[in-house]
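To start, the structure under review is shown below, and the notes come after it.
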Amino acid sequence: MPPFEEYIETIKPLWESARVTNCGAIHEELERLAARYLKVGGLSLFANGHLALSAAISTLGLTGEVITTPFTFASTTHAIVENGLEPVFCDINPDDCTMDASKIETLITDKTSAILPVHVYGNACDTDEIERIAKKHQLKVIYDAAHAFGVELNGRGIGSYGDAAMFSFHATKVFHSVEGGAVASSETELKKCLESKRNFGLTSPDNVETIGFNAKMSEFHAAMGLVNLRHLDEQILLRKKICERYAERLTKIPGIKLPKTRQGVKRNYAYFPIVINEKEYGFDRDTVLETLASHGIFARKYFYPLTSDFSCYNKRFDSSLTPVARYISGRVLTLPLYGNLDIETVDEICRLIESR
Ligand SMILES: *Cc1c(COP(=O)(O)O)cnc(C)c1O
């Protein structure tokens, strides 16, 4: 939570203007400052990340099949399916859990219209290779950058890659507006369409050109975002210290693997995942989860299950076709991570993992 007084000061003017939603002054300011922070050309705010992603998919006019990853949150796969498209699951890299770009081309058919990779945990995808393939086959690229607010790759904002990139501002993410999200778009025309989409398809008060929905961010949410944005760099720095401590203590343990960061990436330290190999470590992931829980420490199986194994999808898809994703999903654990997590607690968590 940001400082209470600062939030109250920010929302005070709303009692005079009474303009509490429909893209008011605070919304406009957050959109401008977040675009600057993210180093992207055009940014459109949304009520949440999921609707932002769905709007991007729908606005880019995709058809047929979309190559994506099953190692993600429910939102990514649902957004494809709810737009009447067929997800085609590509396996992931064992090192950083992002889409394995070397497997994309074998999945392309004459129905493929796009690639939708995820910058998992804030790890940047192999954007060069993904975009080379997309260009060669004339495919759109939409990144799910829900985890990657503030991440940069080779000095460029991560949201400036691809045709569009979605960010989530959910309360559990590294930067938040309680609920919220955004799409960074590569073209002004796309930005215009996205903004019409989020407001029922209106293009002017008298004209509705497309079928839209309501996905506008309120002024109260935008205010939370605005205040949090001012404190984001401090928060990321605190998280960095915690991640460094975790890494220092956990890398030495046999059977515990930490995902790698691609070269040229400026990280946001959104998550701290570990992959536990039960043969080398001696216990499996679920046992570690339970041991930690018995000491009041709540880690998460993030992501488990794979989206292709959800009961709403498992009759349509076969997760044995993405063996690396299946392996990681069965062994990954994300450890507690937030700015004011004290080092003593981090040490206690590491001690529990070290001592089995
Ligand atoms: C959080 C998340 C979303 C959805 O964002 P919301 O703001 O919660 O709607 C989508 N994809 C991934 C990978 C996420 O982690």
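The values are calculated or read from the model by the stated rules, or taken from the named source; none is laboratory data. Small disclaimer: the values here were computed from a predicted structure and weren't measured. Note that each Cβ is placed from the backbone with ideal geometry, even for glycine, and that neighbours are counted across all protein chains shown. What goes into the accessible areas is simple: the full protein's heavy atoms, side chains included, and nothing from ligands, DNA or RNA. Shrake-Rupley method; radii C 1.70, N 1.55, O 1.52, S 1.80 Å.
A few notes on this one:
- Whole-Hz Karplus values for the range 4-9 come out as 3, 4, 5, 5, 4, 4 Hz, taken residue by residue from phi with 6.51 cos²θ - 1.76 cosθ + 1.60 and θ = phi - 60°; glycine and proline positions read x.
- Cut-off 11 Å between beta-carbons: net charge of the residues surrounding residue 156, Lys and Arg +1, Asp and Glu -1: +1
- DSSP-loop trypsin sites (Lys or Arg not before Pro) across the range 198-237, with at most 13 other Cβ within 10 angstrom: none
- Working note: Debye formula, equal point scatterers on the alpha-carbon atoms of the chain, no solvent; log10 I(q)/I(0) at q = 0.09, 0.11 Å⁻¹ is -0.51, -0.75.
- Residue pairs, from the table 39/216; 252/279; 12/191; 191/260; 136/301, whose Cα atoms sit over 25 Å apart: 12/191; 191/260; 136/301
- Accessible surface of the range 249-313, 1.4 Å probe, proportion on carbon and sulfur as whole %: 52
- Taking the average, over residues, of other Cβ atoms within 10 Å as the packing measure, peptides 128-135, 322-329 rank 322-329, 128-135 from highest down.
- Loop-located chymotrypsin sites (Phe, Trp or Tyr not before Pro) across the range 177-280 with a Cβ neighbour count of 16 or fewer within 10 Å are 200, 213, with loop assigned by DSSP.
- Phi to ³J(HN,Hα) by Karplus 6.51 cos²θ - 1.76 cosθ + 1.60 over the range 78-83, Hz, x for Gly, Pro: 4, 4, 5, 5, 5, 8
- Debye log10 I(q)/I(0) for the range 287-346, one point scatterer per Cα, at q = 0.20 Å⁻¹: -0.81
- Accessible surface for the chain, divided over its residues, is 45 Å² per residue with a 1.4 Å probe.
- Neighbours of residue 280 by Cβ distance under 15 Å: Lys/Arg scored +1, Asp/Glu scored -1, total +3.
- Amide H contacts under 5 Å for residue 88, placed H, 5+ residues apart: 66, 67, 68
- Of interest is the spacing of the C-alpha centroids, which for the range 61-111 and the range 202-238 amounts to 27 Å.
- Taking every DSSP beta bridge that has both ends in the chain, the antiparallel portion is near 65%.
- In the range 33-81, the portion of solvent-accessible area held by carbon and sulfur atoms comes to 60 percent [1.4 Å probe, whole percent, DNA, RNA and ligands not counted].
- For residue 111, solvent-accessible area (1.4 Å; no DNA, RNA or ligand), Å²: 120
- Between the range 155-189 and the range 335-356, the C-alpha centres lie 30 angstrom from each other.
- Under the combined filter of DSSP loop state and at most 12 neighbouring Cβ atoms within 10 Å, the range 192-261 retains these GluC sites (Glu not before Pro): 209.
- In the assembled protein chains, residue 63 presents an accessible area of approximately 90 Å² (probe radius 1.4 Å).
- Solvent exposure ordering (accessible area, 1.4 Å, most first) of 119, 50: 50, 119
- Largest mean-square fluctuation among 343, 57, 108, in a Gaussian network model of the chain whose springs join Cα atoms under 10 Å apart, belongs to 343.
- With DNA, RNA and ligands ignored, accessible area of residue 217 (1.4 Å probe; Å², nearest 10): 0
- Its Kirkwood hydrodynamic radius, worked out from the mean inverse distance over all distinct Cα pairs, puts the range 185-230 at 11.8 Å.
- Cα Rg over Rh - the range 85-215, Kirkwood: 1.00
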